[in-house]
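The values are calculated or read from the model by the stated rules, or taken from the named source; none is laboratory data. Here the structure is a predicted model, which is why all the values come from computation and not from measurement. Glycine gets a Cβ as well: all are built from the backbone with ideal geometry, and neighbour counts include every protein chain shown.
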Amino acid sequence: MQSLIMNNFNRIFSTIKKHCGERDSAKEAPLDRVEADVEIINGMNSIYQYLDVLQDLGLIVYSVHSNTISLTEKGKQTEKLFTV
């Protein structure tokens, strides 16, 4: 179960990086497009629980109200969260 959760974090983070563009980009991605690309296996946690943790780790900033998600400088330089 723990490796499944770690895989979900990796999947969500890599999807965010894909939508936000290259490392040096300051591009924001539409939150709903990122959400549509992510499939949480077996109805695990809500995507927002994962996004909250990624935001708390200082890797992303997201806003439901403005429908945006962007990488922080730390997030741009982070390639992978967990090795499973």
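Remarks
- For ASP37, the criteria (1) touching a His at 6+ places or on another chain (Cβ under 9 Å); (2) of a type in the set (Asp, Glu); (3) at pLDDT 90 or above hold in every case but one, which is (3).
- Meets criteria (modelled with pLDDT of 90 or more, hydroxyl-bearing (Ser, Thr, Tyr) and either loosely packed, with under 12 Cβ neighbours inside 10 Å or in a helix (DSSP H, G or I) (or both)) for SER66: yes
- The range 57-84 residues that are on the phi > 0 side of the Ramachandran plot, paired with ones that are assigned to a loop (DSSP other than H, G, I, E, B) and surrounded by fewer than 18 Cβ atoms within 10 Å (Cβ to Cβ) (beta carbon under 6 Å, 6 or more apart): GLY58/THR72
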